[in-house]
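The values are calculated or read from the model by the stated rules, or taken from the named source; none is laboratory data. All values derive from a computational prediction rather than experimental measurement. Neighbour counts are summed over all protein chains in view; Cβ atoms, including those assigned to glycine, are modelled from backbone coordinates with ideal geometry. SASA here: full protein model, heavy atoms, side chains in, ligands and nucleic acids out. Shrake-Rupley method; radii C 1.70, N 1.55, O 1.52, S 1.80 Å.
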Amino acid sequence: MYKLVIFDLDGTLVNSLEDLGNACNAALQNFGYPVHPMESFRYFVGDGVPMLIRRALPESERTEENISRVKAVFDEIYGKNYNVCTRPYDGIPELLLKLKAKGILIAVASNKPDNFTQTIVSGMFGDVFSYVSGKKDGFEKKPSPQIALHIMEKLGVSPEETLFAGDSAVDMQTALNASCDSIGCLWGFRTLKELEDNKAKYIAKSPEDIYNAAAK
């Protein structure tokens, strides 16, 4: 049995694609840039907001200055609209309670800015997690293992006792870099092939599969 499950946020715990996509498109539109269909954002998100903006901008417009000014507008819009459509995936709240009842610690490690991560997690899940971290100063973003290893240290758990749950290559690579096992979630933003290509140890078709892998 694992002692800790670390969860990615977007595409793993919550379906936030529409709110992220709408805020990004509104920010692009503000500067006269073309917008994108919602499906495109499945491949734009996952590496933090600056990378989201970079990917969404036309290739010829991807300067640091443009990224910075579009991001500023995105932050303002998303800050007011982060929970319009964002909801936990079916079965996730029940999964979290089952893990806790089993004595397994649960935490969040996201590339979303820490202020948004804290607000969304507390608003949708209360204080169920033992540790929550988004992208913050002093820590490299995933797939760097820094945040994951920091969480393990804070909770007194080793990599061998930890399972990392996520929906993308970034999450599977984070687990590899942190020397812990990974479980890829098929309900998220990416594909089974991406998860398998990035060496997911387990594949979850439903939240119950995470419980079965963690508690066995």
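Of these, Val128, Val121, Val132, which one is closer than 14 Å to Leu9 by Cβ, open to solvent by less than 40 Å² (accessible area, probe 1.4 Å) and more than 16 Å from the chain's Cα centre (by Cα)?
Val128
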Problem set entry | Leu163 vs. criteria outside any loop (DSSP other than H, G, I, E, B) and either more than 21 Å from Gly48 (Cα to Cα) or without any contact (Cβ under 8 Å) to a residue 12 or more places away in the chain (or both) | yes
For this session: Tell me, please, whether a residue that is out of contact with any Cys (no Cβ under 9 Å at 6 or more places or on another chain), aromatic (Phe, Trp, Tyr) and under 24 Å from Lys205 (Cβ atoms) can be found in region 39-52.
Result: yes
Exercise. Which residues, taken from region 1-24, are open to solvent by 20 Å² or more (accessible area, probe 1.4 Å) and more than 30 Å from Lys154 (Cα to Cα)?
Worked result: Glu18, Asn22
Exercise. Are there any pairs, at least 6 apart or on different chains, whose C-beta atoms fall under 6 Å, with the first in region 84-100 and over 15 Å from Tyr211 (Cα atoms) and touching a residue at least 24 places away in the same chain (Cβ under 8 Å) and the second in a helix (DSSP H, G or I) and open to solvent by 30 Å² or more (accessible area, probe 1.4 Å), and if so, which?
Worked result: Cys85/Glu18; Pro88/Met124
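Filter region 144-157 down to residues that are in contact (Cβ under 8 Å) with a residue 24 or more places away in the chain and not hydrophobic (A, V, I, L, M, F, W, C) and give me whichever is surrounded by the fewest Cβ atoms within 10 Å (Cβ to Cβ).
Across region 144-157, the extreme among qualifying residues is Ser144.
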For this session: Identify all residues within region 117-143 that are among the small types (Gly, Ala, Ser), part of a loop (DSSP other than H, G, I, E, B) and free of Cβ contacts under 8 Å to residues at least 24 places away in the same chain; write none if there are none.
Result: Gly126, Gly138
